[in-house]
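Some notes on the structure that comes next.
None of the figures in this text is laboratory data; all of them are computed from the coordinates on show. Because the structure is a prediction, the values reported are computed rather than measured. A quick note on method: Cβ atoms are made from the backbone with ideal geometry, for glycine too, and the neighbour counts reach across all protein chains shown.
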C-alpha cells in the first residue's frame with residue numbers, strides 16, 4: 001500500500017509545482033528598503049529620479065545625506081520626479097518575461113501621481129498586473145510588499161494575494177514625527193505661519209497617514225530623546241490592536257544610541273521583528289533631517 005501511495009503523492013506534488021502561478025513583486029524606492037533587504041524578499045525596486053537643480057540622480061545612488069548637504073549648501077530643496085507610465089511599462093514588460101503575474105506596490109494615490117501612472121501602464125497587460133494603492137509611504141509600503149511575499153510563499157493565487165493585500169491596506173498604521181517643518185515648508189506642504197509658529201515654539205509635529213492623506217497629529221516638545229519617545233509611546237498607546245508580527249522604523253539623522261533604545265522598547269512591547277532603516281531620498285527630501293517614523297499593521 002505505502003509503496004503504491006508515495007509515487008502517486010510525488011506525482012501530485014510535481015503537478016502542483018508545475019501549475020503554481022509565478023508572481024513577481026515590484027515597488028518604488030519610496031518603500032525605503034535597502035538593496036539586500038529588498039533582495040531577501042524578492043522585491044524589484046524602481047527608483048525615483050532626484051532633482052538637484054539642473055542635475056539629476058537615481059534614488060538609492062544618492063541618499064538623505066546628499067539631499068541635506070545640497071539644501072544646506074544652496075538653501076533649495078531637492079525634488080523628486082514621479083515615475084512616468086512609459087517607464088512603468090518598460091519595467092513591467094521586463095519582469096513579466098519570467099513571470100505570469102506582477103503585483104506592484106505604489107506610494108499612496110493621494111500622496112503622488114505615481115500611482116495613476118502605474119495604473120496607466122498596468123492597463124496594457126490584460127489583467128496580469130495589479131497596482132496596490134498602499135495608502136502609505138516608506139515602511140508602510142515595505143510591510144505590505146513583505147506580507148505579499150509571505151502569502152505567495154504560502155501558495156496563494158494571484159487573485160487571493162491581491163484581494164488580501166487590498167483588504168488590509170487601510171489598516172496599515174503610518175506616521176512620523178519631525179524635528180523641523182522647514183523641509184515641508186520648502187516643499188509647499190506647510191504654510192509660512194505654521195512653519196514660523198512651530199519653529200518659535202520648538203514643536204515637533206506628528207504627521208499621520210489617515211485615509212491615504214498626510215495630516216497633522218499631536219505635537220511634541222523637548223530634546224530629541226524626549227520627543228522621540230513621547231511620539232513612540234503615543235503611537236503605541238493610540239493603536240489598541242497592533243499586529244505584532246513586525247514593525248518598520250524609518251529615520252533620518254537619529255543617532256544609534258537612540259535608535260537602539262527605540263528598538264528595545266518595541267521589542268519589549270512585543271514586536272517579533274523590527275526593521276530599522278534610514279529613509280532614502282524620496283522621503284528624506286520632504287521630511288528633512290531628524291525624522292522618526294513608525295509603521296505596522298493593525299488587526300481589525
Per the C-alpha gyration tensor (a ≥ b ≥ c, the square roots of its eigenvalues), segment 101-185 is rounded if a/c is under 1.5, else prolate if a/b beats b/c, else oblate; here it's oblate
Least to most buried among 275, 141, 294, by other C-beta atoms within 10 Å and fewest first, runs 275, 294, 141
Taking Cα pairs closer than 8 Å and at least 6 residues apart, the relative contact order of the chain in percent is 21
For 243, 32, ascending order of other Cβ atoms within 10 Å (fewest first) is 243, 32
Options [x] 20.9, 71; [y] 20.5, 66; [z] 20.9, 82 are given for Rg and Dmax of the Cα atoms in Å, and the computed one is [z]
Relative to the chain, whose Cα atoms define the longest principal axis, helix 158-168 and its Cα axis are tilted in degrees, nearest 10, by 30
Rounded to 0.05, the calculated FRET efficiency for the beta carbons of residue 225 and residue 56 at R₀ = 35 Å is 0.40
With a ≥ b ≥ c from the Cα gyration tensor eigenvalues, square-rooted, and the rule rounded for a/c under 1.5, otherwise prolate when a/b > b/c and oblate otherwise, segment 20-169 is prolate
Rounded to the nearest 10 degrees, the helix 224-238 long axis (Cα) sits at an angle to the longest Cα principal axis of the chain of 50
From fewest to most C-beta neighbours within 10 Å, the residues 20, 172, 214 line up as 20, 214, 172
Plugging the Cβ-Cβ distance of residue 87 and residue 35 into 1/(1 + (r/R0)^6) at R0 = 25 Å yields, to the nearest 0.05, a FRET efficiency of 0.80
